[in-house]
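**Student:** Dumping the structure here so I can ask a few things about it.
The values are calculated or read from the model by the stated rules, or taken from the named source; none is laboratory data. Owing to the predicted nature of the structure, the values given are computational and were not obtained by experimental measurement. Positions of Cβ are generated from backbone atoms using ideal geometry, with glycine treated the same way; all protein chains shown enter the neighbour counts. The accessibility values were calculated without ligands, DNA or RNA, using every heavy atom of the protein model including side chains. Shrake-Rupley method; radii C 1.70, N 1.55, O 1.52, S 1.80 Å.
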Amino acid sequence: MSSASSSVRRVAATVLAAGAIVSAAALPAAAHDGDRHHQQRPRVEISRVQADSPGREDRSNRSLNGEWVEIRNTTRNPVNLRGWTLRDSDGNRYRFDNVRIGSRATIRIHSGNGRDTRTDLFQDRRDYVWDNRADTATLRDDRGRTIDTKTWGRRR
């Protein structure tokens, strides 16, 4: 009986040791999967800014809509921008409603008035937002985290 107990203990110790080795090997793999998942989260960026409206700046709706910020979804999946914001250095803020940006698609956010479409959104402002010489456009998600910024010129 003593040799049977001893054999059972040896087998149990071997099984526990093997389990510990398998667990230790699986832990880094699980952490790596988490990193890979983190890299696959939706990536949205400010791809272009037209701060200086073409032509005369006469505050007409046409001129206001000549300044815009372009946002691009670089992933293969659509992204809902609900609650996201776009701000300038002076604190002017545009908040996205229930807007989906398609896979590898772009959306332009114009300063003036207009009818929103899948590719163009309008802030419905009566004044220019973006400083022609120097400004920063900041895109934040619905939790207030900065997703991307685009800066031009030099502020004095």
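**Student:** Tell me whether the range 42-50 contains one or more residues that are modelled with pLDDT of 95 or more, within 27 Å of residue 154 (Cβ to Cβ) and open to solvent by 60 Å² or more (accessible area, probe 1.4 Å).
**Tutor:** yes
**Student:** Also, quick follow-up: Cβ-Cβ distance below 8 Å, separation of 6 or more or different chains: which pairs start in the range 133-147 with a residue that is touching a residue at least 40 places away in the same chain (Cβ under 8 Å) and end on one that is assigned to a strand (DSSP E or B) and among the basic types (Lys, Arg)?
**Tutor:** That search, which allows pairs on different chains as well, returns 136/150; 137/87; 137/150; 138/87; 140/87; 147/140.
**Student:** Next question. If I filter the range 133-144 down to residues being part of a strand (DSSP E or B) and open to solvent by less than 50 Å² (accessible area, probe 1.4 Å), which single residue comes out as farthest from residue 76 (Cα to Cα)?
**Tutor:** Among those residues, the one meeting the criterion is 135.
**Student:** Look through the range 114-132, keep the residues that are without any contact (Cβ under 8 Å) to a residue 40 or more places away in the chain and more than 24 Å from residue 74 (Cβ to Cβ), and return whichever of them is most open to solvent (accessible area, probe 1.4 Å).
**Tutor:** 115
**Student:** Select from the range 96-113 the residues that are of a type in the set (Ser, Thr, Tyr) and either outside any loop (DSSP other than H, G, I, E, B) or loosely packed, with under 15 Cβ neighbours inside 10 Å (or both) and list them in ascending order.
**Tutor:** Those that are of a type in the set (Ser, Thr, Tyr) and either outside any loop (DSSP other than H, G, I, E, B) or loosely packed, with under 15 Cβ neighbours inside 10 Å (or both): 103, 106.
The rows are residues; the columns are (1) touching an Asp or Glu at 6+ places or on another chain (Cβ under 7 Å); (2) of a type in the set (D, E, K, R).
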{"position": "96", "(1), (2)": "no, no"}
{"position": "103", "(1), (2)": "no, no"}
{"position": "110", "(1), (2)": "yes, no"}
{"position": "116", "(1), (2)": "no, yes"}
{"position": "120", "(1), (2)": "no, yes"}
{"position": "125", "(1), (2)": "no, yes"}
{"position": "131", "(1), (2)": "no, yes"}
{"position": "134", "(1), (2)": "no, no"}
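**Student:** Being open to solvent by 80 Å² or more (accessible area, probe 1.4 Å), closer than 16 Å to residue 120 by Cβ and either in contact with a Gly (Cβ under 7 Å, 6 or more places away or on another chain) or without any contact (Cβ under 8 Å) to a residue 60 or more places away in the chain (or both) narrows it down to one of 56, 72, 93, 76, so name that one.
**Tutor:** 72
**Student:** Any residue in the range 26-38 that is of a type in the set (D, E, K, R), within 31 Å of the chain's Cα centre (by Cα) and modelled with pLDDT of 65 or more?
**Tutor:** no
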